[in-house]
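The values are calculated or read from the model by the stated rules, or taken from the named source; none is laboratory data. As the structure is a prediction and not an experimental result, all values here were calculated from the model. As a convention, Cβ positions derive from the backbone with ideal geometry for all residues, glycine included, and neighbour counts pool all protein chains shown.
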Amino acid sequence: MLELVCNNQLFNPYVDGMYGGYWKPKKYHRNPRDPGAKLEMIEVEQKEATIRRIKNEDCLDGWKVVADKLVEDNLYKRTHNNILRVFCYEEDVTNGWRYFALEPYSATLYEYCTGRYKGAMPNQSQVLYQIVNGICYLHVEGIIHGDLNPLNVVVAAHSQPVRMKISDSRLTTFSEVRSEERMIGDGTSLKNLELCQSKYWTLPEQKDVVEKKADVDFVAAGCLLFYYLKSAKHVFGDDLESILKNLKEKNPVNLKELSNNHVAYDPIQKMIIPPTNGLSPLPKVKEKFEKALSLQVTDKLLGHGSFGNVYEGKFNGDPVAVKQMTTTTAERKIIQREMSIHMELNHVNVVKLLDVADSADNRLTQLVLELCAGTLEDWADEKKYNGPKLPKLPPDELVLYQIANGLHYIHSRNLVHRDIKPDNILISTTTPVQMKVSDLSFVKKTRKDIYSQSEIRGTLLWLAPERLKFLGDSELPDATIKSDTFSSGCVFFYFLTRGIHPFGKNVVDVPVNILKNKQEELVSYKQNLAADDVNGRILARLIEDMIQFEEKERIGLPEVIKQLAAVLYGMDKSKFQLSLVEASLGWDYIIGSHPTELILACANEEKLIFYTAENLAIPFSNWRKKKEEVTLQHLNLGRVYSLEWNINRTQLAARYHRDTVVWSYPECEILFQKKLPHFTSTINWNPTRPNLFAAHYNGDCQVFVCDSSIGDVITPIDCKRVSAVKWISENRIAVASSWNGTIKIFEMEENNLTTTRLVKEFTHGEHCDYLEWNEMTQYLASFSDNGIKIWSMDDDMPIYSLKFPLQKEEEEKVKDFAWRLCTGNGEEEGGIEMARKSANNFTFAYASPRNGVFIWNPLESEQQPRRLSQEKYIETVAFSSDGRFLAAGGKKKLLIWSAEDWVQINKVNMDMKYGLRNMSFFTTKSTNLYENKLTVNYEYGDWSLIECAFEESNISDSASEIPTESAEDVMDLK
């Protein structure tokens, strides 16, 4: 008997009796000396499996012969790549059930085509080929499936490469789909699954035949391929009734929706109307799909990688490099690890793994890699290089930066490379040229930058001393990622000297010199540097720090990147291009940058993740997870809209569709979770009380003051059509209304926060959209599309005001404003009166989608707005916390200025479907522009993290002074 251990969670909600679990079986075993003997069962270790429960009467005739065949194939490792493995089965005669332990899978073709599964898939050519390939295998083995439908083709995303697999060969008729009506996860009735009944996938004369013939699979296969290509559309009709009618008449009415030039058109046509000569169309169909695979490999050898050769090829028509590896070697686990890890990496300075595919004969695994021009070794010794012409490399400093950047990205994903050498640094064919770290054959997981090692992996000449000295030992100590730093330092020197190793010119002496810490070539290099070669001396010292003998004295890659960025920062723009980079931290996340620490919070409806970096020079794409991600699926929160840190950065509030959730940080324990009466538009933390925050919905008539320490709402504040809320002191809160433009100041009693009273009221205008508080001046600013007003708590009339001209069109109206909050200018010592007299504290920026970006300072002599840009579609503006920069953005542009002289630093073209929702700068005390970082959130699913690497040189090269214009000139006043 099998001992099946199932969890309580239904594995596949679309099919009765599909569970995730484990099996502890007595596995089938046949005596090799007597192949005809009856299979016996032997005890084996526990394995993960999908446990499938099927009613006895639902199994097709001949199920046992097929099941025994598949179990035996699995036992003797004769399984086919496109057939779902059957580990074993068990019959429960008493209760009328059969249990099958199947290979786990990720989804069915039904789930993929109906949009329920959005995970990894093979490319289209592979899907077509693999489905037909699996069916062909069954037919060669004398097995007629008999019930091919979208539920019986599955996606095995756990395998590498991801494969399509045929499942349930003769196991079930899926009578449970016909006999019951149930609800699946998204509330859809199982009646939607009626299409998966066998009668909709066979011709009428086929489905009632007792002894099924192969042509029953031909028709189903053709229908399945069309179903896949057209996202759940059936080739014989658009509804169940028409499908049955057209099947009877052999009229594939929807085939015309597939171009007759499509590679699958003729095969589908031949399969859905079976040939009358009795010959199977599948072998020729398989051959045609094989020729049309997206990947074609030539016999042009590009190089030798670990465990395989690299050839030139084409993938989807583009030139690629193809690393071919036999999957029957003892290195199978290493190959599988390289594939699975490499697929998860996405960085401009790491060679991209575009696809993984089996060769047509299933004997080779093929890694499809982006094609590069050559290696650093090729570049250093062009006399021996006979490949295509190598491109001109970027400046030396940028080459080193890119190598360090790529390797640090690998480290940031808790990996160590272990084989950094010139041959594994590739040169891109793109413009601008990028250096790319390659060959992840020896990559290994790390924990807190430490990894265990059972043997020394890598290349002798580039090994760190702590690895060299244990070469050949049977017992090895743990190592750290600084062994990669040592290797990259040697590669740095090799590049700068055009092919010389820092530990000697003679390769025989290098390992000995490394163990003796004899840096003879580096010493010579430093002595011969010219006195005015400042960068040369900086780089030599950097390399010296990277190849220190003792690990504890060796600098890490974060410091390497920071020093290289500092060198580039002082160079001409032509040597270090400014770039706008979308970081690869994930998709569909809302982001919230920590106000004072290098921590980035990212959340969606499923996860909460914290990223961090050693310094602000590290690109966002290289930030690493600070701790294990927090799973949120069980909370059923839905879409997240914003993340806000509290005043002392110990709590993080998230605004979901209806729920407001507050976590403690760094413990990530839920302190507050409430479904407030209405959808929450914004969350505003109290400036001094770390547990107090206000939440409201735009247009609602209440503001909810909440206390996370007790996990509840402590008081609601009533106000018609709330549009903005801002704490202005420990006990006072300003509430603006979009109904009549009033701004009400409420005060809470010191010892009874549940009691509030109205203490002040202002009138902004017809309506008021935003509020901002300046602690230095103790002034409140109000804003709408008709103007800006600044209020003192001691007066009833505004201190300063700016009226915008009346605009007829909605898109011409002013959309957003920001108040430049200056700190550290010495005015704090003079108190409020001094701060109120300083023009530094009264700079406002605002944006109009039609008219551009403006600044206004009421303390300037002209007191008129100045236009910084005429760019259209700008809707969001934000100052950096130190007041040094202004950013403005929309779905088309992102603009940045220096707030000291209003010189535009950079303009980047965007192409986003929706506009920006918000922007925020990381706080930094550094005066270096490259250490400033900007985070951006887009609306409606296009949440992205954007990084701008600023440079001083951009200011002098590309910027121009902003002319002063009158308000009439600017806003086209009538």
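From the list L302, L282, the lone residue that is closer than 30 Å to E377 by Cβ and aliphatic (A, V, I, L, M) is L302. Scanning the range 859-876 for any residue that is at pLDDT 90 or above, surrounded by fewer than 17 Cβ atoms within 10 Å (Cβ to Cβ) and under 25 Å from W773 (Cα atoms) turns up at least one such residue.
In the range 719-767, which residue that is among the basic types (K, R) and assigned to a strand (DSSP E or B) is surrounded by the fewest Cβ atoms within 10 Å (Cβ to Cβ)? Checked the range 719-767; the qualifying residue surrounded by the fewest Cβ atoms within 10 Å (Cβ to Cβ) is R757.
When S359, S441, S412 are checked against the criterion of being surrounded by 22 or more Cβ atoms within 10 Å (Cβ to Cβ), within 30 Å of Q296 (Cβ to Cβ) and either in contact (Cβ under 8 Å) with a residue 60 or more places away in the chain or not aliphatic (A, V, I, L, M) (or both), a single residue qualifies: S441.
Limited to the range 645-685, what total is found for residues that are basic (K, R) and crowded, with 21+ Cβ neighbours inside 10 Å? Residues meeting the conditions: 1.
Taking the criterion of being part of a helix (DSSP H, G or I) and either within 15 Å of L568 (Cα to Cα) or at pLDDT below 95 (or both), the residues of the range 526-545 that qualify are K526, Q527, V534, N535, G536, R537, I538, L539, L542.
Just one residue in the set Y99, Y110, Y129 is modelled with pLDDT of 90 or more, farther than 25 Å from E290 by Cβ and buried (at least 17 other Cβ atoms within 10 Å of the Cβ); that residue is Y110.
Scanning the range 656-669 for residues that are more than 17 Å from T596 (Cα to Cα), out of contact with any Gly (no Cβ under 7 Å at 6 or more places or on another chain), in a strand (DSSP E or B) and not aliphatic (A, V, I, L, M) yields D659, T660, W663. Only residues that are more than 23 Å from L916 (Cα to Cα) and surrounded by fewer than 14 Cβ atoms within 10 Å (Cβ to Cβ) were counted across the range 630-644, and they come to 4. For the range 768-780, filtered to residues that are of a type in the set (A, V, I, L, M, F, W, C) and modelled with pLDDT under 95, the residue that is surrounded by the fewest Cβ atoms within 10 Å (Cβ to Cβ) is W773.
Scanning the range 515-535 for residues that are touching a residue at least 40 places away in the same chain (Cβ under 8 Å) and of a type outside the set (A, V, I, L, M) yields N517, N535.
Among the helices (runs of 4 or more DSSP H) confined to the range 159-250, the ones with at least 3 residues that are modelled with pLDDT of 55 or more and surrounded by 15 or more Cβ atoms within 10 Å (Cβ to Cβ) are located at 215-229, 240-249. Inspect all residues belonging to the range 644-654 and state whether any of them is assigned to a loop (DSSP other than H, G, I, E, B) and among the acidic types (D, E). No, the range 644-654 contains no residue that is assigned to a loop (DSSP other than H, G, I, E, B) and among the acidic types (D, E). Scanning the range 685-716 for residues that are among the small types (G, A, S) and farther than 19 Å from Y641 by Cβ returns S709, G711. For beta carbons closer than 7 Å, sequence separation of 6+ or different chains, a first residue in the range 768-784 that is part of a loop (DSSP other than H, G, I, E, B) and a second that is hydroxyl-bearing (S, T, Y), the qualifying pairs are C768/S723; C768/S737; C768/S738; C768/S782; C768/S784; D769/S723; D769/S738; D769/S784.
Based on what the data block shows, is L461 touching a helix residue (DSSP H, G or I) at 6+ places or on another chain (Cβ under 9 Å), within 24 Å of G499 (Cα to Cα) and either surrounded by fewer than 21 Cβ atoms within 10 Å (Cβ to Cβ) or free of Cβ contacts under 8 Å to residues at least 60 places away in the same chain (or both)? Judged against the criteria, L461 is a match.
Rundown of residues vs (1) closer than 18 Å to T596 by Cα; (2) hydroxyl-bearing (S, T, Y), yes/no style:
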residue: L637; (1), (2): no, no
residue: V640; (1), (2): no, no
residue: A654; (1), (2): no, no
residue: L671; (1), (2): no, no
residue: T682; (1), (2): no, yes
residue: P687; (1), (2): yes, no
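Does the range 869-883 contain any residue that is in contact with a helix residue (DSSP H, G or I) (Cβ under 7 Å, 6 or more places away or on another chain) and not polar (S, T, N, Q)? No, every residue in the range 869-883 fails to be in contact with a helix residue (DSSP H, G or I) (Cβ under 7 Å, 6 or more places away or on another chain) and not polar (S, T, N, Q). Considering the range 68-118 alone, what residues qualify as being farther than 26 Å from Q197 by Cα, without any contact (Cβ under 8 Å) to a residue 24 or more places away in the chain and touching a Leu at 6+ places or on another chain (Cβ under 9 Å)? Within the range 68-118, just T79 meets the criteria. Set side by side, the residues Y641, Y697, Y665 differ, and just one is in contact with a Lys or Arg (Cβ under 6 Å, 6 or more places away or on another chain) and hydroxyl-bearing (S, T, Y), which is Y641. Taking the range 254-274 as the search range and keeping residues that are over 14 Å from Y200 (Cβ atoms) and aliphatic (A, V, I, L, M), which one is farthest from the chain's Cα centre (by Cα)? Checked the range 254-274; the qualifying residue farthest from the chain's Cα centre (by Cα) is I273.
Note on the range 417-447: residues that are over 22 Å from I335 (Cβ atoms), in contact with a helix residue (DSSP H, G or I) (Cβ under 9 Å, 6 or more places away or on another chain), assigned to a loop (DSSP other than H, G, I, E, B) and among the β-branched types (V, I, T) amount to 1. For the range 679-696, the count of residues that are of a type outside the set (F, W, Y) and within 15 Å of A603 (Cβ to Cβ) is nonzero.
For the range 558-569, the condition of being β-branched (V, I, T), surrounded by 17 or more Cβ atoms within 10 Å (Cβ to Cβ), in contact with a His (Cβ under 8 Å, 6 or more places away or on another chain) and farther than 30 Å from N932 by Cα holds for none of the residues.
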